[in-house]
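Scroll down for the structure; my scribbles are underneath it.
Values in this text are rule-based calculations from the coordinates and carry no lab data. Source: prediction; values computed, not measured. A quick note on method: Cβ atoms are made from the backbone with ideal geometry, for glycine too, and the neighbour counts reach across all protein chains shown.
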Amino acid sequence: LLTKTPLAHKNPSVPDGHSSRGRNSPPNVAANNEWAPLRSVIIGRADNSCFPYEAPHMIEATMPARFHEAFKPANPFPPEIVRGAEEELENFALLLQSQGVNVFRPTKVDWLQTFGYTGAMPRDGLLVVGNTIIESCFAWKCRVDEMANSLGTLLSKLGADPSVKVVRAPRPPSPDTLYNGILEDPGSHEWAINNSRPAFDAADFMRFGSTIIGQLSNVTNMKGVEYIQHHVPSGYKIELLDVNDPHAMHIDATLLPLRQGLMVYNPLRVTEESLRRHAVFKAWELVSYPFVESVQTVEEATGGVPRFMTSAWLVMNVLVLGHDKIVVEEQDHEFAKWLEGRGMVVLKAPFRNVHAIGGSFHCASVDLVRS
Ligand code: DAV
């Protein structure tokens, strides 16, 4: 007997890695650290990326000075960079698939049309804690619809699983008062936003089991921290790290946990003493990034591809696959060698064009399942 099964409507840009859960099937969302074996991940998409457009004081606070004039409305990144970045992301996705990781990709979006920025940096927009996905309450106006446009279909699919909780961001109030005046925090930093509504980028937070280490920044305020604390599953607690960086935006070029008990940190931004104040690091080995000198000069070693949006500390923005495996940019030889000396297995991939658009392997991914 032949039964006709209707084919589910599929978005061709999102591989169908998601299946409805049976009793013993693996979870669709479950991750509470940065180093357990990666099983399922979102890898960003670079197509049609445009320079973000924000208030001048925000661009001044967060973006490299020599590129400020590029941050204007309807200004696509150079086409050869976007093409190169999309190839690199595709290659990165295939590399992860070859390692047995289930990979999802965002929907292709015309960011020029939507006055948006990119689909290449999903880490900024989604914080996965346990079975819960929290969408960022973006400070940047050009990013408010980024998750809906690029990952809305996937979020709806994942949210249909009763074991998964998806917390979509509320619309910012109108008018949005976030940029009216600056916020002074007790650490006497001055930030480009105030505390008038919750604002955060997920990339200002890193998971260390039940402790989530975060930072206040030019895109993350105290109301944002309280919002996340309210939505994480019970038992998880956010602690704010004292970070010395007036340009702060995202913590993932500041901290790099390699495995349980071993973390590399950026010595220009945090001290071992400030890290030790957090009980979660009590038994950890904390290693200052070993090549500070070469980071200062790496700008010349990017093969001529400009880094429009980040510092050279992007070298630390790498993805740990678990079992001591790590993906590192293929030209970062010195760091790769050092990691191997610490017992890591280094997989190399080209990513210089993605760097130009605003991040490296950690920024370009969102782990959905680590087990
Ligand atoms: O240069 O520290 C790296 C992370 C961007 N999402 C920096 C920022």
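Structure notes:
- Beta bridge orientation in segment 211-302: antiparallel %, DSSP, nearest 5: 35
- Estimated vicinal HN-Hα couplings, Hz - segment 169-177 in sequence order (Karplus 6.51, -1.76, 1.60; Gly, Pro = x): 6, x, 4, x, x, 10, x, 7, 9
- A crude spin-label estimate for the pair Ser174 and His231, with each label 7 Å from Cα along the Cβ direction, gives 2.1 nm.
- Rounded, prolate or oblate (a/c below 1.5 giving rounded, otherwise prolate when a/b exceeds b/c) for segment 93-167 by Cα gyration tensor: oblate
- Positive-end residue, segment 194-334 charge dipole about Cα centroid, Cβ charges, pick of Thr220, Val320, Ser196: Ser196
- Structure remark: mean-square fluctuation, Gaussian network model of the chain, C-alpha springs under 10 Å; the largest value among Glu86, Glu69, Glu239 belongs to Glu69.
- At least 15 Å along the helix axis (C-alpha) and Kyte average at least -1.0, DSSP helices within the chain: 79-98, 146-159
- Modelled spin-label separation between Lys348 and Ala283, with each label point placed 7 Å from Cα along the Cα-to-Cβ direction: 3.6 nm.
- Pairs beyond 23 Å (Cα-Cα), from Lys108/Lys165; Lys237/Lys282; Lys237/Lys325; Lys165/Lys237; Lys72/Lys348: Lys108/Lys165; Lys237/Lys325; Lys72/Lys348
- Using C-alpha pairs below 8 Å separated by at least 6 residues, the relative contact order for the chain is 23 percent.
- The alpha carbon centroids of segment 22-43 and segment 136-158 are separated by 21 Å.
- One chain, two ends: Ser196 and Arg66. Fully extended at 0.36 nm per residue, the span grows by 43.7 nm beyond their Cα-Cα distance.
- Across segment 204-360, the mean sequence separation of Cα contacts (distance under 8 Å, 6 or more residues apart), normalised by length, yields a relative contact order of 18 percent.
- Rg then Dmax, both in Å and based on the Cα atoms of the chain: 19.7, 74.
- Taking every DSSP bridge with both residues inside the chain, close to 55 percent are antiparallel.
- Sum of side-chain charges, Pro76 neighbourhood, beta-carbon under 14 Å (Lys, Arg +1; Asp, Glu -1): -2
- Computed per residue of the chain from DSSP H runs no shorter than four, each worth -39500 (n - 2.57), the mean residue ellipticity at 222 nm is -6000 deg cm²/dmol.
- A straight line joining the Cα centroids of segment 189-216 and segment 254-277 runs 17 Å.
- Most mobile of Val129, Val327, Val164 in a GNM of the chain (Cα contacts under 10 Å): Val164
- When the chain is treated as a GNM with alpha-carbon contacts under 10 Å, the residue of Glu34, Glu285, Glu90 showing the greatest mean-square fluctuation is Glu285.
- Computed label-point distance, nm, for sites Glu330 and Leu268 using a 7 Å Cα→Cβ extension: 2.7
- Exposed trypsin sites (Lys or Arg not before Pro) absent: longest stretch of the chain, with sites in DSSP loops and at most 12 other Cβ within 10 Å deemed exposed: 24-276
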